[in-house]
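Trainee: Dumping the structure here so I can ask a few things about it.
All of the numbers you see were taken from the coordinates with simple rules; none came from a lab. In this text the structure is predicted, and so the values were computed from the model without any measurement. Note that each Cβ is placed from the backbone with ideal geometry, even for glycine, and that neighbours are counted across all protein chains shown.
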Amino acid sequence: MSTDSAPDTDPLMAAAHAWLAADPDPDTRSELEHLLKADPDEVRRRFSSRLRFGTAGLRGALGAGPSRMNRVIVRLTARAIGERLLAGNLADRGVVLGYDARRNSDVFALDSARVLTAQGIACRLASTMTPTPLLSFATHHYGAGAGIMVTASHNPPQDNGYKVYWSDGAQIIPPVDSEIEALIGDRPLVDDDELAPEAEVGILDYDELLAAYLDTVIGPRRSGPPAVPTVYTPIHGVGLRTTMAAFDRAGLTRPTPVPEQAEPDGTFPTVTLPNPEEKGTLDLALALGEKLGARLILAQDPDADRLGVVAGAGTGFRRLTGDQTGLILADHLLGKGSGADRVVVNSVVSSTMLSRIAEHHGVQYRSTLTGFKWIIRAAIDEPQLRYVMGYEEALGYAVCPEVRDKDGVSAAVVMSELVAELAADGLDLTDRIDELETRHGVNLTHQVARRFDDQPDRVPRLMDQIRRERPTAFGPLAVQESSDWSHDHTPAADLLMFHLQHRSRVVIRPSGTEPKIKCYLEVNEPLTGDLAAAREVAGARMNELEAAVADLLDTDPR
């Protein structure tokens, strides 16, 4: 089909031509021009849907068209955010904006600031690449009406994203997300004359922001414990400068960066995926750690909001799960304070051992929906309680309520302080895990996931079938209680929970961003004798659960 006849007869092709006229980016214009000539079917695919704005903001592959991340989508989103701020009488509080090292992050952030400034909303755009935790902190610290962080976190290099914080400093929650999505709607595209000149955009000075973060989150300058050999990687992200400053403030010896991954590079040349959880991502860090005899390896994802931890011990390196790291941090921080008015929080798919740790310390415990937009609510909605920390199993930890999102920088500092204290007593993190399991029982958590890239409609169909048929057992473990959070919980969520024999548990939910179903498995084995024997029983039970859940995910939904 030629491009000349398409606009008159095909609404999707007409939309593509209108998009082309409004696109300010020469790269995506060239891409779309090529597709219009060479692949009209791909044009129709891209224009048959739009990247939707939800509680996670936007996230998707870079490229031309409304189903990709690009300057046209960003401008539409920024305009809608501005309109929502104006409608909510929040515009006079202004907006702070940051961006990471990914391709076009700086361009998307500047476009957003110019759109908002033209709406009469004062904006402060970060003066350089900035970690997500600093932008979250800035939103709350400066009392902004909103914060915008352009990042796709640990997604593949071809992706970018758009994260939005609201006036309470936390990520947006319903109904704000749907209200912004409605304002994007099928509105006319944003013209260049709807943008203010770049010179009118205010500057959020990185050094000023960093100083405020260090004062508030890390605290007064102090003398830290004796040095412990530590390796650190920001995985080509933006965490290095902020993390080193935080270590300096805490009186900790700076960790040794992995040189090949120390500087920001949005192509992530040394890894397949810039995710500390992915196999192979930490190979360079592990090699350097072995060379230096490191007792600790710390790995942040590219926007420095998540933290992977590897414990170095006499027997080699041990990668900690997100649950193990969260439980160790919680127990450590609770041991540093006192009072029953304290609270710790984790997500419903994270380890239930946190509730037993909370009980041991005589403090409150909360379990929430997945995501820090929910985990951090205890710090906002329950001011009578002192928030200590919150975490989720996907390597996210919030150890200070002034940062209302996960923060891989402050978590790295707290973990390093703990490891140094343990080393001074001749102990390491594996000893701390032994201590927790001796006190609270062996706790194993594991995720089983299944992608359905070729059949994305299989995700809702399989979830519906599991919801209807409700398994009565997973392998040899009988279901004692089940709940459907789409009906049994407020706020509702597409999540199924099964409590099994022997304090085991399975939680099933679809991914919010990918054609994937995630199953979170948990086994708890009380310690009645030998720790090694309890771990063997728990391991065998986890293997049975994994096999049963894998069979369930392989079911062909009817």
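Trainee: Would you give the gap between the C-alpha center of the range 212-261 and the C-alpha center of the range 383-398, rounded to a whole Å?
Mentor: 21 Å
Trainee: For the pair Ile173 and Thr253, what calculated FRET efficiency results from E = 1/(1 + (r/R0)^6), where r is the Cβ-Cβ distance and R0 = 41 Å, to the nearest 0.05?
Mentor: For R0 = 41 Å, the calculated efficiency reads 0.55.
Trainee: What distance in nm separates the two pseudo spin-label positions at Glu278 and Asp192, each 7 Å out from Cα along the beta-carbon direction?
Mentor: Here the modelled spin labels are 3.7 nm apart.
Trainee: To continue, here is another question. For the pair Glu435/Glu469, report the inter-label distance in nm, with labels modelled 7 Å from Cα in the Cβ direction.
Mentor: Using points 7 Å along Cα→Cβ, the separation is 4.7 nm.
Trainee: Excluding same-chain pairs closer than 8 in sequence, count the lysine pairs in the chain whose Cα atoms lie under 25 Å apart.
Mentor: Lysine pairs satisfying the spacing and distance rule in the chain number 14.
Trainee: May I ask you to compute the full-extension gain from Asp92 to Ser223, defined as 0.36 nm times their residue separation minus their alpha-carbon distance, rounded to one decimal in nm?
Mentor: 43.0 nm
Trainee: Rounded if a/c is under 1.5, else prolate if a/b is larger than b/c, else oblate: which is the range 54-204, with a ≥ b ≥ c the root eigenvalues of its Cα gyration tensor?
Mentor: Here the range 54-204 falls in the rounded category.
Trainee: Okay, moving on. Compute the relative contact order of the chain as a whole-number percentage, counting only Cα pairs closer than 8 Å that sit 6 or more residues apart in sequence.
Mentor: 10 percent
Trainee: Next question, about the same structure. Please work out which option in [x] 26.3; [y] 37.2; [z] 24.8 gives Kirkwood radius over Cα pairs in Å calculated from these coordinates, and answer with its label.
Mentor: Read-out taken from this structure: [z].
Trainee: Calculate how many DSSP beta bridges within the chain are antiparallel, expressed in % of all such bridges and rounded to the nearest 5.
Mentor: The antiparallel fraction comes to roughly 65 percent.
Trainee: Just to be sure I understand the model, the point goes 7 Å from the Cα along the line to the Cβ. What's the resulting Gln480 to Ala313 distance in nm?
Mentor: In this crude label model, Gln480 to Ala313 measures out at 3.0 nm.
Trainee: Shifting gears a bit: Assign unit charges at the C-beta atoms only (+1 for Lys and Arg, -1 for Asp and Glu), then state the dipole size of the range 381-454 relative to its Cα centre in Debye, rounded to the nearest 20.
Mentor: 160 debye
Trainee: While we're here: For the range 180-191, in order, what is each residue's ³J(HN,Hα) by Karplus, 6.51 cos²θ - 1.76 cosθ + 1.60 with θ = phi - 60°, in whole Hz (x at glycine and Pro)?
Mentor: Per-residue couplings from phi come out as 5, 4, 5, 6, 5, x, 10, 6, x, 5, 7, 8 Hz.
Trainee: Select from the range 248-313 those trypsin sites (Lys or Arg not before Pro) which occupy a DSSP coil region and have at most 11 other Cβ atoms within 10 Å, ordered by residue number.
Mentor: Lys279
Trainee: Then there's this: Mind checking which of Thr430, Ser48, Pro188 is farthest towards the positive end of the chain's charge dipole, using Cβ charges of +1 (Lys, Arg) and -1 (Asp, Glu) about the Cα centre?
Mentor: Projecting each Cα onto the dipole axis, the largest value belongs to Thr430.
Trainee: Taking 8 Å as the Cα distance limit and 6 or more residues as the minimum spacing, I'd like the relative contact order of the range 180-328 as a percentage.
Mentor: Reported relative contact order: 21 percent.
Trainee: While we're looking at this one, here's another question. Assuming R0 = 25 Å, what is the FRET efficiency of Asp551 and Asp488, from their Cβ-Cβ distance, to the nearest 0.05?
Mentor: Efficiency, from the Cβ-Cβ distance: 0.45.
Trainee: Shape verdict for the range 190-270, please, from the Cα gyration tensor: rounded (a/c under 1.5), prolate (a/b greater than b/c) or oblate.
Mentor: Oblate shape, in that a/c is at least 1.5 and b/c is the bigger or equal ratio.
Trainee: Note down the relative contact order for the range 54-204 as a percent, whole number, built from C-alpha pairs under 8 angstrom at least six residues apart.
Mentor: After rounding, I find 32 percent.
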